[in-house]
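Colleague: Okay, handing you the structure first.
The values are calculated or read from the model by the stated rules, or taken from the named source; none is laboratory data. The shown structure was predicted, so the numbers you read here are calculated from the model rather than taken from an experiment. Methodologically, a virtual Cβ is constructed for each residue, glycine included, from the backbone with ideal geometry; neighbour enumeration extends over all protein chains shown. Please note that ligands, DNA and RNA were not included when accessible areas were found on the heavy atoms of the full protein model with its side chains. Shrake-Rupley method; radii C 1.70, N 1.55, O 1.52, S 1.80 Å.
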Amino acid sequence: MPDTSINPPVLDALIIGAGFSGMYQLLCLRDRLGLSALVLEAGEGVGGTWYWNRYPGARCDSESHSYCYSFSPELLQEWVWTERYPEQPEIMRYMNHVADRFSLRRDIRFNTRVTGASWDAAENLWRVETHAGQHYAARYLIAAVGCLSTANVPKIAGLDSFEGRWLHTGEWPHEGVDFTGLRVGQIGTGSTGIQSVPVIAEQAGHLTVFQRTANYSTPARNAPLTAEFQAWVKANYGDITQTMRQTRNGHWFRIQDRSVFSVSEEEREAAFERAWEKGGLQFRSEFGDITTNLEANSKAAEFIRRKIRETVTDPEKARLLSEIDHPYAAKRPPIDSGYFEAMNRDNVTLVDVKANPIVAITPTGIRTTAAEYEVDVIVFATGFDAMTGPLLRLNITGRDGLALSDAWAAGPRSYLGLQVEGFPNMFTVTGPGSPSVLTNMPVAIEQHVEWITQAIAHLRAEGVDRIEPDPQAVADWLVKVDEAAAETLLPQASSSWYLGANVPGKPRVFMPYAGGMAKYREICDRVAAEGYTGFVLERDGAAVG
Ligand SMILES: Cc1cc2nc3c(=O)[nH]c(=O)nc-3n(C[C@H](O)[C@H](O)[C@H](O)COP(=O)(O)OP(=O)(O)OC[C@H]3O[C@@H](n4cnc5c(N)ncnc54)[C@H](O)[C@@H]3O)c2cc1C
Ligand SMILES: NC(=O)c1ccc[n+]([C@@H]2O[C@H](COP(=O)([O-])OP(=O)(O)OC[C@H]3O[C@@H](n4cnc5c(N)ncnc54)[C@H](OP(=O)(O)O)[C@@H]3O)[C@@H](O)[C@H]2O)c1
């Protein structure tokens, strides 16, 4: 039975979200610190991203042996990944295995969406409310709500009038969708859309792809893992994990230091070919300046454009797909399994909605400024209100009734992406201002969860009641986040969700920290070792230290 009293028992910690972040946070607080901790999760099961994103073709872009928890050597040894890039069902099996192995489910309340959270200064605790009117109270509030968990369905006039079915890839029906013989319209060609096109095209009668911004993509070269590779991984997990902690983006491969211009044109071409054959995100690994130097980047970009033109047989489709308006990897680079090849199918049409924007959904299809396309189903592969969306939807109010939506009216402000000024004892796992989405995320998640756990242990050991960032530390960190982004080409993609550009009206602020995971980890470790510099710690209303 839900606890509907307004004075529920006070927990040590309340965690929102049961994806990679929330599950590990529960394990750390409950099993390592011995705290009373509970997870509230909107979905019916664990898995977060992989619970919700069940669209055709959904699979990981990180390589399987690196897209998993590293905290348990036993778990690393016993779990066997079968493909280079596991499909959604395989990742869900893994998440369920972790939940069972560590007995997490008993402390997770499923089907429980948090709709409000407020700081009770008098009692020094967080009061949380759910969609069903349940009330919870806890000393610490940990938002493990994910960076990409709020589906963005664009507000297009007439959607209500559509007589067919429409779906968003991030809220895909569990029973699947049968497209056999149907006319499907897919809006969006990001990482998601690029994965779903080849699979939908195989089944649908006709697929019309509505492309606003053309995208680079490199072949994933997915394949089943050989027994030799599986054995090699298990024998070398120590080194692999170590490498992931040392690299800039948390992947298991290293990016070479050399410049695109340090080699002859022939060598460069051979290196790009090698990288293309290796496939996936490793395409970036041959040279160190692709993401920082526009001229170097343009060599990689032109190589990919040429590959697109060589693959796509229809000259108009090839032009639309290869005229890309931003540097390679300035937006999250997709990887694909036959995306450009699928464009050669007779049942796939590509529509340029940059030149002729969508103006309305009609009862029978999608209308652009140039034409109307009749469809039976619309697939919105239109991404997410990323990073801030899930946090703002919690309707959080902090000290003196400050709403998070007001504190972040001009964009997210945090210290290290871990805490927000005015919101004591609240932590965000992979919050804006941390490396988060610029990394292989399990690495960033484990680092944050472990840092938060250590911080809470410290506060309890020292009898500290409250922790909150110092305003100056927040201001200084925002400058560092801006500076780190400016050293890369990332801010140059004007349509990037990293900047909030995909959601009309969202402040244009580059949200993740681009200085690299390894450097960020060092900063966080130093802050903790020096007694939580940049944070204000209070005991009985007085600053500590
Ligand atoms: C399709 C897709 C593929 C991806 N592939 C990769 C990849 O290959 N490599 C990589 O590094 N990253 C990838 N990511 C990023 C991925 O989000 C992270 O890797 C990781 O799964 C995030 O885990 P999380 O627990 O932080 O967040 P999530 O997995 O998003 O979990 C957050 C949970 O919080 C819950 N929640 C949110 N709001 C509320 C609320 N108000 N009340 C209750 N519960 C709430 C949600 O229901 C969700 O279950 C991908 C993302 C997407 C969308
Ligand atoms: N396997 C993986 O690793 C994987 C797979 C999927 C997703 N992801 C993660 O999730 C992130 C989001 O990916 P995503 O593909 O879901 O979203 P996305 O990258 O934001 O792409 C959304 C697509 O929809 C288009 N779009 C949005 N609104 C539109 C509108 N009103 N009209 C026409 N087109 C519109 C966008 O065009 P514009 O570009 O012009 O805005 C873009 O092509 C990725 O970047 C990645 O981090 C990872």
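Colleague: Order 119, 79, most accessible first, counting only protein heavy atoms with a 1.4 angstrom probe.
Modeller: Correct descending sequence by accessible area is 79, 119.
Colleague: Right, something else. In Å, what Kirkwood hydrodynamic radius results for the stretch 381-460 from the alpha-carbon pair distances?
Modeller: 13.5 Å
Colleague: Another question about this same structure. Tell me the per residue accessible area of the chain using a 1.4 Å probe; a whole number in Å² is fine.
Modeller: Spelled out: the 1.4 Å probe surface of the chain, per residue, equals 40 Å².
Colleague: Dipole size in debye (nearest 20) for the stretch 283-377 around its Cα centre, Lys and Arg Cβ +1, Asp and Glu Cβ -1?
Modeller: For this selection, approximately 240 debye.
Colleague: Right, another one. Taking +1 at the Cβ of each Lys and Arg and -1 at the Cβ of each Asp and Glu, which of 255, 379, 192 sits farthest along the dipole of the chain towards its positive end, judged by Cα position relative to the Cα centre?
Modeller: About the Cα centre, the residue reaching furthest to the positive side is 379.
Colleague: How large is the translational diffusion coefficient of the chain in µm² per second when you combine the Kirkwood radius over alpha carbon pairs with Stokes-Einstein at 4 °C and 1.567 mPa s?
Modeller: For these conditions, the coefficient is 53 µm²/s.
Colleague: Here's a follow-up. To the nearest 20 debye, what charge dipole does the chain have about its Cα centre, counting +1 at the Cβ of each Lys and Arg and -1 at the Cβ of each Asp and Glu?
Modeller: 100 debye
Colleague: What percentage of the solvent-accessible surface of the stretch 206-361, computed with a 1.4 Å probe over protein heavy atoms, is contributed by carbon and sulfur atoms?
Modeller: The nonpolar share, carbon plus sulfur, comes to 49 percent.
Colleague: Which value does Rg/Rh take for the stretch 428-511 over its C-alpha atoms, Rh per Kirkwood?
Modeller: 1.05
Colleague: At what distance in angstrom do the alpha carbon centres of the stretch 117-168 and the stretch 63-116 lie from each other?
Modeller: 23 Å
Colleague: Carbon and sulfur: what percent of the stretch 399-497's accessible surface (1.4 Å probe)?
Modeller: 48 percent
Colleague: Just from its helices, what would the mean residue ellipticity at 222 nm be for the chain, if runs of 4 or more DSSP H residues each count -39500 (n - 2.57) and the sum is divided by every residue, rounded to the nearest 500 deg cm²/dmol?
Modeller: -9000 deg cm²/dmol
Colleague: Probe radius 1.4 Å, ligands and nucleic acids left out: which of 497, 166, 81 has the largest accessible area, and how do the rest follow?
Modeller: Largest to smallest exposure gives the sequence 166, 497, 81.
Colleague: Farthest toward the dipole's positive end in the stretch 91-198, which of 152, 176, 126, given Cβ charges of +1 (Lys, Arg) and -1 (Asp, Glu) about the Cα centre?
Modeller: 126
Colleague: Based on Cβ point charges of +1 for Lys and Arg and -1 for Asp and Glu, what charge dipole magnitude is obtained for the stretch 8-90 about its Cα centre, in debye rounded to the nearest 20?
Modeller: Computed charge dipole of the stretch 8-90: roughly 160 debye.
Colleague: Averaging the inverse of every distinct alpha carbon separation and then flipping it gives the Kirkwood radius. What is it for the stretch 180-323, in angstrom units?
Modeller: Every distinct Cα pair counted, the radius reaches 17.7 Å.
Colleague: A follow-up question, please. Rg and Dmax in Å for the stretch 141-245, alpha carbons only: what are they?
Modeller: That works out to 19.3, 57 Å for Rg and Dmax.
Colleague: Calculate one ³J(HN,Hα) per residue across the stretch 501-513 by plugging θ = phi - 60° into the Karplus curve 6.51 cos²θ - 1.76 cosθ + 1.60, and present them in order as whole Hz with x for glycine and proline.
Modeller: The phi angles translate into 6, 7, 10, x, x, 6, x, 8, 9, 6, 8, x, 8 Hz.
Colleague: Which pairs break 27 Å Cα to Cα here: 234/331; 155/307; 317/506; 331/506; 234/480; 354/519?
Modeller: Among 234/331; 155/307; 317/506; 331/506; 234/480; 354/519, the Cα-Cα distance tops 27 Å for 234/331; 155/307; 317/506; 234/480; 354/519.
Colleague: Give the value in nm², to one decimal: projected area of the alpha carbon convex hull of the stretch 261-303, averaged over all directions.
Modeller: So the mean shadow area of the Cα hull is 2.7 nm².
Colleague: Determine the relative contact order of the stretch 300-395: mean sequence separation of Cα pairs under 8 Å and six or more apart, normalised by residue count, in whole percent.
Modeller: 16 percent
Colleague: With labels modelled as points extended 7 Å from the Cα through the Cβ direction, what inter-label distance (nm, one decimal) is found for residue 109 paired with residue 523?
Modeller: 3.6 nm
Colleague: Using only alpha carbon pairs under 8 Å that are at least six residues apart, calculate the relative contact order of the chain and give it in whole percent.
Modeller: The value is 19 percent.
Colleague: Here's another thing I want to ask about it. Among 237, 110, 536, whose Cα lies farthest out toward the positive end of the dipole of the chain, if unit charges sit on the beta carbon of Lys, Arg (+1) and Asp, Glu (-1)?
Modeller: So the residue furthest toward the plus end is 110.
Colleague: Here's another thing I want to ask about it. Could you work out how far helix 88-101 tilts from the main Cα principal axis of the chain, as a 0 to 90 degree angle to the nearest 10?
Modeller: 20 degrees
Colleague: Bin by bin, in steps of 10 Å, what percent of the Cα pairs in the stretch 11-75 do you find, going until the bin that has the longest distance?
Modeller: All Cα pairs, binned at 10 Å, distribute as 19, 42, 31, 8, 0 percent.
Colleague: P(r) of the stretch 22-166 in 5 Å steps, Cα pairs, percent per bin?
Modeller: Per 5 Å bin, starting at zero, the Cα-Cα P(r) for the stretch 22-166 comes out as 2, 8, 15, 17, 17, 15, 11, 8, 5, 2, 1 percent.
Colleague: Turning to a different aspect of this structure: So what is the orientation-averaged projected area of the stretch 320-363, using the convex hull of its C-alpha atoms, in nm²?
Modeller: So the mean shadow area of the Cα hull is 4.9 nm².
Colleague: Determine the principal axes of the Cα atoms in the stretch 161-217, then give the extent along each, sorted from largest to smallest and rounded to whole angstroms.
Modeller: The Cα atoms of the stretch 161-217 stretch 31, 25, 23 Å along the principal axes, largest first.
Colleague: Cα convex hull of the stretch 94-169: mean projected area in nm², to one decimal?
Modeller: The orientation-averaged projected area of the Cα hull of the stretch 94-169 comes to 8.7 nm².
Colleague: Counting alpha carbon pairs within less than 8 Å and at least 6 residues apart, what relative contact order, in whole percent, applies to the stretch 110-171?
Modeller: Reported relative contact order: 21 percent.
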